[in-house]
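To start, the structure itself, in structure tokens.
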Amino acid sequence: MANSPYIKDVVDTDFEAQVMRRSLEVPVLVDFWAEWCGPCRSLTPALEKLAAEYAGRFELAKVNVDVAQQVASIFRIQSIPTVLLFVGGQPVDGFMGAQPEAQIRELLDKHLPPVADDPMALGDAAYAEGRLKDAYEHYVEVVSLNEENTDAILGLARCAVGLGEIEAAEAWVQKLPEGLPVRTQGERILEFAKFAEDAGDLVELTARVEANPSDAAAWYSLGATHATRGDLDAACKAFLKVVGEDRAYKDDGGRAALLSIFDLVGTDDPITTTYRRRLAALLF
């Protein structure tokens, strides 16, 4: 669970940003724990499991009270584990001690909007399925309710690039606060707009390469589609297939696309180190 986007370790210096301000956009469940706490060893994995299962409907912030002593003092944490649910910048519910999973679900479901009524969840689901126009509409609804929801704004930028609406994507990225990681993500999405003209329908292209694994053109379009959507791992896998199937396609276009991604993300990025090695193994 350590690499889950829905789980994070929080300390004194980033508690306000990661919990207080973040809970204005999405509910944040805060787990106050310590390494020496026996009940924490059973509760924390259960919370991590739920965070993964709920897939972004809430985020889990793990606060080690021995490290974040100031936060623990502010919230008068005297017994651990203590769990508090923050919504709208304030704690709205919680419990002390290890609790059964069913009881934790009950607490969450009482405060989280149902998936059917949650436009952010609907947008994420539509985006994952390649329904970019539907996703765009759901994200617009989110922003109409909260114009500072950076997740929805980033989603709008991704959808706009995927739909070939580059000017709209640029406008959405400009709304992201400068100096924050989400702004960097947005600017990176714009850099991959160069692949938009070769992008297509994700479902259709996936079916094409499954039907004909030697179709270099389909693989290239699939890679371009993933790149515009920000899924660089999938993009690199597709472009690597182009290199393996047809070096002549687009004048060694698969290799050129990979090198372009490496340049954009930087030499130290895991994407670069992983796929540069795989490309070298394929070529030599």
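The values are calculated or read from the model by the stated rules, or taken from the named source; none is laboratory data. This structure is a prediction, so every number in the text was calculated from the model and none was measured. Every residue, glycine as well, gets a Cβ built from its backbone with ideal geometry; the counts of neighbours run over all protein chains shown. Accessible surface areas use protein heavy atoms only, side chains included; no ligands, DNA or RNA. Shrake-Rupley method; radii C 1.70, N 1.55, O 1.52, S 1.80 Å.
Here are the numbers:
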read-out: Highest average packing first - 267-279, 237-249, 122-134, Cβ atoms within 10 Å; value: 237-249, 122-134, 267-279
read-out: Accessible solvent surface per residue of segment 141-284, calculated while the other protein chains remain in place, 1.4 angstrom probe, Å²; value: 50 Å²
read-out: Order of exposure, largest accessible area first, which applies to 20, 96 with probe 1.4 Å; value: 96, 20
read-out: Cysteines without a disulfide-compatible partner [the chain; Cβ-Cβ under 4.7 Å]; value: 159, 236
read-out: Global geometry of segment 103-152, whether rounded, prolate or oblate, following the gyration tensor of its Cα atoms and the 1.5 cut on a/c; value: oblate
read-out: Taking the chain and dividing mean pair separation by its residue count, relative contact order in percent (alpha carbons under 8 Å, at least six apart); value: 11 percent
read-out: Model label zone, residue 111; criterion: amide N under 13 Å from point 7 Å along Cα-to-beta-carbon; scope segment 86-103; value: 86-96
read-out: For segment 183-204 and segment 93-171, distance of Cα centres in Å; value: 20 Å
read-out: Pairwise FRET efficiency - residue 248 versus residue 49, Cβ, R0 = 35 Å, nearest 0.05; value: 0.10
read-out: Check: segment 174-235 dipole with +1 on Lys, Arg Cβ and -1 on Asp, Glu Cβ, in debye; value: 240 debye
read-out: 10 Å beta-carbon shell around residue 47, net charge (K/R +1, D/E -1); value: -1
read-out: Length gained when the stretch residue 102-residue 41 is fully extended (0.36 nm per residue, less Cα-Cα span); value: 20.2 nm
read-out: Stretchable slack from residue 134 to residue 69, in nm (0.36 nm times residue separation minus alpha-carbon distance); value: 18.9 nm
